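The values are calculated or read from the model by the stated rules, or taken from the named source; none is laboratory data. This structure is a prediction, so every number in the text was calculated from the model and none was measured. All Cβ positions, even for glycine, are placed from backbone atoms using ideal geometry, and neighbour counts span all protein chains on display.
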Amino acid sequence: MTKDEIANRALHQFKQHGIKSVSMSDIAQGLGMSKKTLYTHFADKEDLLMTCLDKAFVEFFERANTIRENNINPIDAILAIYRLVVNDLCDYCSAFMYDARRLYYTSQHNSVFRKQLDEAYILPLLQSAREQQLIHSEVNDSMFCTVVYYMVEGFLFDSNLGKQSDKDLIYRHVILLPVRGILAKQYAAQYGEPV
């Protein structure tokens with residue numbers, strides 16, 4: 001079994017049960033290998049977790065690149081990328097979210113993810129939308145990114161509604177409504193009536 005395959009299956013366990021609830025023994029047993037073999041691939045549980053998160057981030061940004069490259073309309077691209085964020089976060093259990101908030105290294109990872117999301121994707125797309133007069137000229141791009149990210153994080157991390165509610169409902173309330181709020185009046189109608 002390759003290191004990538006191990007990371008994929010370990011991430012699935014972390015997503016389902018949380019970080020602290022899953023031991024290296026649990027992971028090894030789930031993989032059908034000895035703990036000793038698992039330790040030949042990873043120094044410790046933190047190393048394995050960081051590998052899992054790095055892999056998840058790379059995969060996320062590959063999908064975000066595809067969206068950015070295939071969408072001519074910057075608003076459609078922003079909405080599609082934020083939908084990825086909501087869908088991905090809804091796959092993590094509340095125990096994972098709770099553990100991630102309390103562990104320095106996962107919080108640091110989250111900061112890096114958010115910075116890359118904003119700087120490489122959302123901010124340039126907002127600038128493009130402004131140039132095309134699709135959004136209000138007075139929109140503060142970085143404030144918009146901060147507000148939306150904190151809404152997503154707070155809504156999903158604090159309430160665990162990602163597991164209890166429809167992902168589309170979460171998307172409409174946490175992403176679509178704030179995006180509609182920054183759209184130029186003549187353009188907002190294309191995104192339907194407010195929820």
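Residue check, D4 against (1) under 24 Å from V152 (Cα atoms); (2) exposed (fewer than 13 other Cβ atoms within 10 Å of the Cβ); (3) touching a residue at least 40 places away in the same chain (Cβ under 8 Å), all met but one. Which one?
(1)
Take R114 and tell me if it is more than 13 Å from the chain's Cα centre (by Cα) and charged (D, E, K, R). So that I can check it myself, show each step before the final result.
Numbers: more than 13 Å from the chain's Cα centre (by Cα): no; charged (D, E, K, R): yes.
When the stated conditions are applied, R114 does not pass them.
Return the total of residues in the stretch 92-133 being touching an Asp or Glu at 6+ places or on another chain (Cβ under 7 Å) and among the hydrophobic types (A, V, I, L, M, F, W, C).
2
Looking at (1) of a type in the set (D, E, K, R); (2) more than 16 Å from the chain's Cα centre (by Cα); (3) more than 26 Å from T66 (Cβ to Cβ), which is the only condition R101 fails?
With (1) of a type in the set (D, E, K, R); (2) more than 16 Å from the chain's Cα centre (by Cα); (3) more than 26 Å from T66 (Cβ to Cβ) applied to R101, the lone miss is (2).
Given the conditions (1) surrounded by fewer than 19 Cβ atoms within 10 Å (Cβ to Cβ); (2) in a helix (DSSP H, G or I); (3) touching a residue at least 40 places away in the same chain (Cβ under 8 Å); (4) hydroxyl-bearing (S, T, Y), report the number of the one that Y121 does not fulfil.
Every condition holds for Y121 apart from (1).
Please list, ordered by first then second residue, the pairs with beta carbon atoms under 6 Å, 6 or more apart or interchain, first in the stretch 103-118 and touching a residue at least 12 places away in the same chain (Cβ under 8 Å), second among the hydrophobic types (A, V, I, L, M, F, W, C).
Listed pairs, sorted by first residue: T106/A100; H109/L53; F113/F57; D118/C145.
Could you tell me which residue of the stretch 28-73 is surrounded by the fewest Cβ atoms within 10 Å (Cβ to Cβ), considering only residues that are closer than 30 Å to I135 by Cα and in contact with a Phe, Trp or Tyr (Cβ under 7 Å, 6 or more places away or on another chain)?
Pass one, the stretch 28-73, residues closer than 30 Å to I135 by Cα: 57-73.
Of the ones still in play, those that are also in contact with a Phe, Trp or Tyr (Cβ under 7 Å, 6 or more places away or on another chain) are 57, 64, 68.
On the way: F57: 16, A64: 21, R68: 18.
Here the residue is F57.
Inspect the stretch 36-57 for any residue being hydrophobic (A, V, I, L, M, F, W, C), in a loop (DSSP other than H, G, I, E, B) and at pLDDT 90 or above and give the result as yes or no. Don't jump to the end; show me each part of the working.
Kept after step one, since they are hydrophobic (A, V, I, L, M, F, W, C), are these residues of the stretch 36-57: 38, 42-43, 48-50, 52-53, 56-57.
Now restrict to residues that are in a loop (DSSP other than H, G, I, E, B): 42-43.
Of the ones still in play, those that are also at pLDDT 90 or above are 42-43.
Checking the stretch 36-57: at least one residue is hydrophobic (A, V, I, L, M, F, W, C), in a loop (DSSP other than H, G, I, E, B) and at pLDDT 90 or above.
Keeping to the stretch 129-148, report how many residues are free of Cβ contacts under 8 Å to residues at least 60 places away in the same chain, out of contact with any strand residue (DSSP E or B) (no Cβ under 7 Å at 6 or more places or on another chain) and surrounded by 17 or more Cβ atoms within 10 Å (Cβ to Cβ).
First, the residues of the stretch 129-148 that are free of Cβ contacts under 8 Å to residues at least 60 places away in the same chain: 129-133, 136-147.
Right, trim to out of contact with any strand residue (DSSP E or B) (no Cβ under 7 Å at 6 or more places or on another chain) and you get 130-133, 136-147.
Right, trim to surrounded by 17 or more Cβ atoms within 10 Å (Cβ to Cβ) and you get 130, 141, 144-145.
Residues in the stretch 129-148 being free of Cβ contacts under 8 Å to residues at least 60 places away in the same chain, out of contact with any strand residue (DSSP E or B) (no Cβ under 7 Å at 6 or more places or on another chain) and surrounded by 17 or more Cβ atoms within 10 Å (Cβ to Cβ): 4 in total.
Quickly run through the stretch 78-112 and pick out the residues that are crowded, with 17+ Cβ neighbours inside 10 Å, outside any helix (DSSP H, G or I) and out of contact with any helix residue (DSSP H, G or I) (no Cβ under 7 Å at 6 or more places or on another chain).
Scanning the stretch 78-112 gives no hits.
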